[in-house]
Amino acid sequence: MRKALVVYLMSGPETPQLAEAAVAAGADLVELGFPFSDPLADGPVIRRAAERALAQGMRTGACLELLAETRARLPETPLVPMTYASLLEAYGWERFADEAREAGATSLIVADLPAGERPELARVQLVAPTSTDERIRLAAAGTDGWLYLVTVTGTTGARDELSPTLAGLVDRARRATDLPLYAGFGISTPEQARAAARLADGIVVGTSALEAAEKGSEALAAYVQSLRAALDLAAVPA
């Protein structure tokens, strides 16, 4: 079975082109970050990318326009905005959900909105190694399409090695749902991608994808290709 590769990109003028390059290189889903001035879950690389995006005028409305432009370039690829509750509170919860769907969003991630709150808002839920079994069941019951496994405690960012807590989290999540499990936070190298994909159904890569994207579409494509090759190896039975 093919292992899913989710690539995170910060919304900006160059993002539709970058997303196109990532998908051509093997990404299955693109997560589009909506910049926020106080992103609690994000490490320094994503924070800097958010600051640049804000300086470029990427507010919520502009990000939704960019989502629509990306959708026009990638009519078949799942596109998932990643945002924070404060932005939706300011913009309007229902208004955002409606406009994101109209712009081409497949689902939504609200990084700081706990499972169980705003159940009417269809979104991908996140669980972490610190989540109780009860919280995992609650998140799994309400998640939209797949369950996001946060492999580490703390913020996003590259790590030297894959978190040893992932195996246990996968095991607990599999007891709660039959939906796909995608692991993210702290996955940066092809070796880590392969190891994570041996356990989960796919991976999410953000920080290192952004670092590659800063060098342009070709660099991003080369990086995504290296991850795709690693995931394809992970899909082969040992």
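Looking across region 26-58, just one residue is assigned to a loop (DSSP other than H, G, I, E, B) and free of Cβ contacts under 8 Å to residues at least 12 places away in the same chain, and that is G57. Of all the residues in region 36-72, those that are open to solvent by less than 40 Å² (accessible area, probe 1.4 Å), at pLDDT 95 or above and either in contact with a Leu (Cβ under 8 Å, 6 or more places away or on another chain) or under 14 Å from A209 (Cα atoms) (or both) number 6.
Being open to solvent by less than 50 Å² (accessible area, probe 1.4 Å) and at pLDDT 95 or above is true for just one of L199, L210. Which residue is that? The match here is L210. Taken as a whole, the condition of being part of a loop (DSSP other than H, G, I, E, B), surrounded by 23 or more Cβ atoms within 10 Å (Cβ to Cβ), in contact with a strand residue (DSSP E or B) (Cβ under 6 Å, 6 or more places away or on another chain) and not polar (S, T, N, Q) does not apply to A22.
In this structure, does L149 turn out to be under 16 Å from the mean Cα position of the chain (by Cα) and closer than 27 Å to A19 by Cβ?
Against the criterion (under 16 Å from the mean Cα position of the chain (by Cα) and closer than 27 Å to A19 by Cβ), L149 qualifies.
Looking at region 209-223, which of its residues are part of a helix (DSSP H, G or I) and more than 17 Å from L5 (Cβ to Cβ)? Within region 209-223, E218 is the sole residue that qualifies. Kindly check whether there is at least one residue in region 131-147 that is open to solvent by less than 20 Å² (accessible area, probe 1.4 Å) and at positive phi. Scanning region 131-147 turns up no residue that is open to solvent by less than 20 Å² (accessible area, probe 1.4 Å) and at positive phi.
The values are calculated or read from the model by the stated rules, or taken from the named source; none is laboratory data. Computed from a prediction, not measured in an experiment: that's the story for all the values here. Neighbour counts run over all protein chains shown; Cβ positions are idealised from the backbone, glycine included. Keep in mind that these areas ignore ligands, DNA and RNA; they rest on the heavy atoms of the full protein, side chains included. Shrake-Rupley method; radii C 1.70, N 1.55, O 1.52, S 1.80 Å.
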